[in-house]
Amino acid sequence: MHSQENQAGVFSQSEYTSAMALSTAANYIMNWAEPFTHTYRTYIRLRENGRLALKFWHSNAVDSTWDMGLESRGSEPGGKWSIEAAYIADGGLEPDGTVIPGTQVPVTFSDEAEKQVAPGESFWSDEAVLDLPEGHYLAFTWTLRTAAPGKSFPYNVEGMLVTAYDTPGNHAGQESNAAFSESDKLLVLPSYIGYKKKVHKKLVFLGDSITQGVRTAKDGYSYWAARIAEGLGTGYGLWNLGSGWGRAYDAATDGAWLNKAKQGDEVLIVLGVNDLDIGKRSAAELLADLSHIVSLIKEANPEAGIILGTVPPFNFEGEREEAWRRVNAQILTAPPAGVNRVFNIAAVLSMPAPLDHRVRAEYMSNTDDPHPNGTAGRAVADAFLEWYRETVG
């Protein structure tokens, strides 16, 4: 993360880099009729194990719009809530809801176990050190308490890419899985889990559910962002900001989501499917939003490298297909000012022309869902890594 303080309060923690390939971008917001206290436990494969100095950063704001924005919209601030307790622990070899006895380490905030969170606030935890054996999961557990009825903390509502559990009440310090139930469409994690690590370059991937990895196997890390992280090795940092149903016009508002992307030394942008689909944007509107995103990142960090991806195929027809073709033709021949390189992800996923607006059947999650599956994740990652190594400066 870069040294200057910016609009959302992210400040220099340059000795830390993202510890995982999992996206925790928020596209929904908790909205209950009465105040509540609830505990969330999530199991994560980190990019490295061993003795880890971990630090957490959180943004109390929605990143991208869900559906048509009736429940949550991009940059909407979260409400007032509090962290009653938070722990990291050795989650063992299987994500079964338990933690290895005696391994829980408290996560504190300015040396306090509790943290009151204001609407739209962003904040860091203190450093917490954990010895995590090779092959073991990190278990992150925290208990959150809402202050009032209505909207409170943002989270990700897409299909679960990792195993998580939750239970009413304060059970953050509990080692067993008693009372916990497996979570569904409920990923409640800090915005950023970092570990102390010097890297050659910090990459940020800004995208929608295709970048997030939606529909790939739970705990499989088979989506292309995770496979790219593995292929690059731990000398490179990778922060996955893929957000289900996210669109370019969310990022172009220069809010919480784009603020995260500005922290990268290099930013890969793969947006546009939802703009053309549910957003009903024209080719010109989408291109203008992409151009604005690039200019905002460059304004914040002129040295940032920008990789713009073509818009992946999504089986569009009619006017949407026409707009998709126009946008990708423009990206390939005359990308927006400030773009350093273009990665043609569409060419990897598409059927041969003239059906190149359609996803290859073997890459679809199922016969009715064009979201890329794990096989597609490997194909995209292999193509990206070969291209990246050939073109990197």
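For this structure, a couple of remarks:
- At R0 = 45 Å, FRET efficiency that the Cβ-Cβ distance of A53 and A148 yields, to 0.05: 0.80
- Classification of region 198-255 by its C-alpha gyration tensor yields an oblate form. The axis ratio a/c (a ≥ b ≥ c) is 1.5 or more, and b/c is at least a/b.
- In a reduced charge model with +1 at each Lys and Arg Cβ and -1 at each Asp and Glu Cβ, the chain shows a dipole moment near 620 debye about its Cα centre.
- Note on region 65-124 and region 317-393: Cα centroid distance 34 Å, given to the nearest whole angstrom.
- Counting DSSP beta bridges with both ends in the chain, the antiparallel % (nearest 5): 75
- Helix 283-300 vs. the chain, principal-axis angle (Cα, 0 to 90°, nearest 10): 50
- Over the chain, accessible surface divided per residue gives 38 Å², non-protein components excluded, 1.4 Å probe.
- The chain, helix-only ellipticity at 222 nm - DSSP H runs n ≥ 4, -39,500 (n - 2.57), divided by all residues, nearest 500: -6000 deg cm²/dmol
- The fraction of accessible area contributed by carbon and sulfur in the chain is 49 percent, rounded to a whole number (1.4 Å probe; ligands and nucleic acids excluded).
- Packing, as the average of other Cβ atoms within 10 Å across residues, places the peptides 333-342, 135-144 in the order 135-144, 333-342, highest first.
- In degrees, nearest ten, helix 318-333 long axis to first principal axis of the chain (Cα): 90
The values are calculated or read from the model by the stated rules, or taken from the named source; none is laboratory data. Note that the structure is predicted; figures quoted are calculated from it, not measured. Backbone-built Cβ (ideal geometry, glycine too); neighbour counts: all protein chains shown. When the accessible area is computed, the model is the full protein with side chains, heavy atoms only, and any ligands, DNA or RNA have been set aside. Shrake-Rupley method; radii C 1.70, N 1.55, O 1.52, S 1.80 Å.
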